[in-house]
Structure formats: C-alpha cells, structure tokens
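Have a look at this one.
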Amino acid sequence: MPTPPGYADISLRLQLTGLNRPAFITFGCDPVDTTAAAVATNVVAAFSAAGSLKTIIDSAVTLTGVQVSLGTDGTADITDIQPANVACSYVGSTLPPNCAMLVRKNTGRGGRRGRGRMFIPWCLPEGNVEEWGTIQSSIVTANQNACNTFFNQLASFLVPMVLLHGPGQTSAPAPDLVTNLVVDPLVSTQRRRLGR
C-alpha cells in the first residue's frame, strides 16, 4: 500500500547478537524534511535520546538500520534504507523475540480507525512477567516512560508520529496524529518473530 503524500512509513531494524533474523518496530510519521536520509537521521536521534527506547531494549540488540518510505504525489514511494549502529543498553536477560511489549497508539479519531499498535521486542526482563502473562508494574512504568520519551523526541526532531490507515470496508482516511502511546500490561506474542 503506498504511503500518503507528505508522510513517511518507518521501519526500525533491530538485530540480536547470535540470531540471524531481525525484528522491526514500525510506525508512521509526518516529517518536515523531504529526504529519506534526513528523516532516518531524526528518527535515530529520537530512538537514541536519553531515556528513550534504546534504554529499555536488551544490550545484546543493535539498531542496524532504518527504512523510510516517503509518500509522493502520483508516483511510487521514495524508499531508502539508512544504516545505523545504535547499541541498546538494558543489561539483563529478556524474553525471546516472539514475546513482545504491545504499545497502543491513540489518536483523536474514534473507533478502530483511530487506534493502532506497535510491538517492541527484547524489552521484557525474564523475571518480570508473571506465568499468566502480566508484566510487573515497575517494568510497565519504566517502559511507559521510555515510550513517552520516544514519542516526545519524535516531535522534537520534527518527525511526529501518525497513524497510517490501510484499506478497509471504507476508503482510507488521511493519517491521524498520534496523541499518546500506552504500554499494555499483558505480554503480547508474534509467532513469526521466532526464527526456525
């Protein structure tokens, strides 16, 4: 699906040492810059900021690249993959990549069209998830603070997060500005993230 003109579809590529298969964090943004390289640089700066996402992701994980797909008028997206080398910094063992933290994206639009989600792997310490799937409150709070920082840093670096809409029963509306991120207190799973 093409990205709406003026917006960007972002994929952060995360690589765990010893695992061949990467994991991705995806979201949309409304960038001021008009080149994919500049947008990628700003997104990496937001990810790397003090207290942001890199601080809650396992130190064996590295942000190795950012794919940016810029929407254009009447032509295909301008897509570019910018290399990155940002070491994450949480020290400790985390759950495998198919067990991820679910982060809900909220907007001012009501209904299902006004809600999105993204998954963040390697940020849930092994000893802090209960047998029934509840994440301990201290981790939820720490991870919520990191998501808030990332969200605010994206706006500071002029790449505010938006919710990109896919086709559905009705035609896709214009992207909606994300108003906040909310960490879900239950662990989430993505079967395809576990390599075979």
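To the nearest 0.05, how large is the calculated FRET efficiency for Thr72 and Ala37 if R₀ is 22 Å and r is the Cβ-Cβ distance?
Between Thr72 and Ala37 the formula returns 0.90.
Label point 7 Å out from Thr179 along Cα-to-Cβ: which residues of the stretch 93-136 have amide N under 17 Å?
Within reach of a label on Thr179: 104-117.
Here is a further query. For the pair Leu186 and Asn20, what calculated FRET efficiency results from E = 1/(1 + (r/R0)^6), where r is the Cβ-Cβ distance and R0 = 35 Å, to the nearest 0.05?
After rounding to 0.05, the efficiency reads 0.75.
Which whole-number percent is the relative contact order of the stretch 42-196 (Cα, under 8 Å, 6+ apart)?
29
Please give the net charge around Ser93, taking every other residue with its beta carbon less than 9 angstrom from that of Ser93, where Lys and Arg add +1 and Asp and Glu add -1. The partial results should precede the final answer.
Working: positive: none; negative: Asp58, Glu126.
Cβ neighbours under 9 Å give a net charge of -2.
Calculate for the chain the 222 nm mean residue ellipticity that helices alone would give, adding -39,500 (n - 2.57) per DSSP H run of length 4 or more and normalising by residue count, nearest 500 deg cm²/dmol.
-5500 deg cm²/dmol
Apply the Karplus curve 6.51 cos²θ - 1.76 cosθ + 1.60, θ = phi - 60°, to the phi angles in the stretch 70-78 and return the couplings in whole Hz, x for Gly and Pro.
Result, ordered by residue: 8, x, 10, 7, x, 10, 5, 4, 8 Hz.
What does the net charge come to around Gly108 if you take all other residues with beta carbon closer than 13 Å to its beta carbon, with K and R at +1 and D and E at -1?
Surrounding charge for Gly108 is +3.
Assign unit charges at the C-beta atoms only (+1 for Lys and Arg, -1 for Asp and Glu), then state the dipole size of the chain relative to its Cα centre in Debye, rounded to the nearest 20.
It works out to roughly 460 debye.
Tilt of helix 36-48 relative to the longest C-alpha principal axis of the chain, in degrees (0 to 90, nearest 10)?
30
We did not get these values from a lab; they are worked out from the coordinates using the rules stated. Computed from a predicted structure; not experimentally measured. For neighbour counting, all protein chains shown are included, and Cβ atoms are generated from backbone atoms with ideal geometry for every residue, glycine included.
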